[in-house]
1. Report, ordered by chain and residue number, the aspartates and glutamates lying within cross-link reach of Lys70, taken as a straight Cα distance under 15 Å and ignoring same-chain residues fewer than 8 apart.
2. Using the Cβ atoms and a cut-off under 12 Å, what net charge is assigned to the surroundings of Gln110, where Lys and Arg are +1 and Asp and Glu are -1?
3. Binning at 5 Å from 0, report for region 59-134 what percent of all alpha-carbon pair distances ends up in each bin.
4. May I ask for the net charge around Phe77, where only other residues with Cβ less than 14 Å from the Cβ of Phe77 are counted and Lys, Arg are +1 while Asp, Glu are -1?
5. For Asp39, project a label point 7 Å along Cα to C-beta. Then give me every residue of region 128-165 with its amide nitrogen under 15 Å of that point.
6. Report D for region 27-164 in µm² per second (integer): Stokes-Einstein, Kirkwood Rh on Cα pairs, 37 °C, 0.692 mPa s.
7. Select from Asn76, Phe125, Ile94 the residue farthest towards the positive end of the dipole of region 27-164; place +1 on Cβ of Lys and Arg, -1 on Cβ of Asp and Glu, and compute about the Cα centre.
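Throughout, read-outs are computed from the coordinates displayed, never taken from laboratory work. Note that the structure is predicted; figures quoted are calculated from it, not measured. Cβ placement follows ideal geometry from the backbone for every residue including glycine, while neighbour counts extend to all protein chains displayed.
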Amino acid sequence: MKNKILMKFLLLMFFPILFSCQTEKVSKLTSNVGDIEFDEKLDDKNFKLCNTSQLQYFNLNKELQYEGEKLAIIENFEQLNLETDAKSNGYITIRFIVNCEGKTNRFRIQQFNADYKEFSFDKSFVNEILEFTKNLNGWQNLEKRDYYQYLTFKIENGKVTEILP
C-alpha cells in the first residue's frame, strides 16, 4: 500500500516537470505550413482573396496555369539577358498567390546555394528577377480558386539556366 502511495506521490511531483520542459511558446500559428501572411510593408492592401480559408498549395491543373504556359515565361525571361557574378550557383524561388481573378501578390523570396543552404545573390539581380515575376500578367485561374504558385530560377555560373516548375 505504501508503495502505491509513494508511486502516486512521485508521479504527481514529476509530471509537471516533465511537461514543462517540453513546451515551447508559439506566438502565432498559421492554418497551414507555408502560408503567406499579409505584410503591409510588402503587399498591396487592395489585393483581394476570394476565400482566405481555402488557399490551395497546388493548382489542380497539371500544366502551369499561364497564358502560353511555361514556354511563354521562358521566352519573356530570355529577353532580359540577366547575369550576376560568374561564381554564383544556386536557386532563387519566388512564392506568391494567384487569386481567383488571376491577379498576383504577396511575393516572397528564398535564396539557396547549389548545396541548398541559405545564400544571398546580388541584390539587384534578385530584384530584377522579382520584378520580372511581378510583371507576369498572363496567370489564369481555371478553377476560380486562390492558390499558391512559385517560380524557381536555377542559377549556374551567374546565369539563369532553368525556370521551374
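1. Within the straight-line limit of under 15 Å, Lys70 reaches these aspartates and glutamates: Glu78, Glu162.
2. +2
3. With 5 Å bins starting at 0, P(r) equals 3, 12, 20, 24, 20, 13, 6, 1, 0.
4. Values: positive: Lys70, Lys134, Lys154, Lys159; negative: Glu69, Glu75, Glu78, Glu83, Glu128, Glu131, Glu162.
Summing Lys/Arg as +1 and Asp/Glu as -1 gives -3.
5. From region 128-165, the list is 130-131.
6. For the chosen part, D equals 206 µm²/s.
7. Checked the options; the winner is Ile94.
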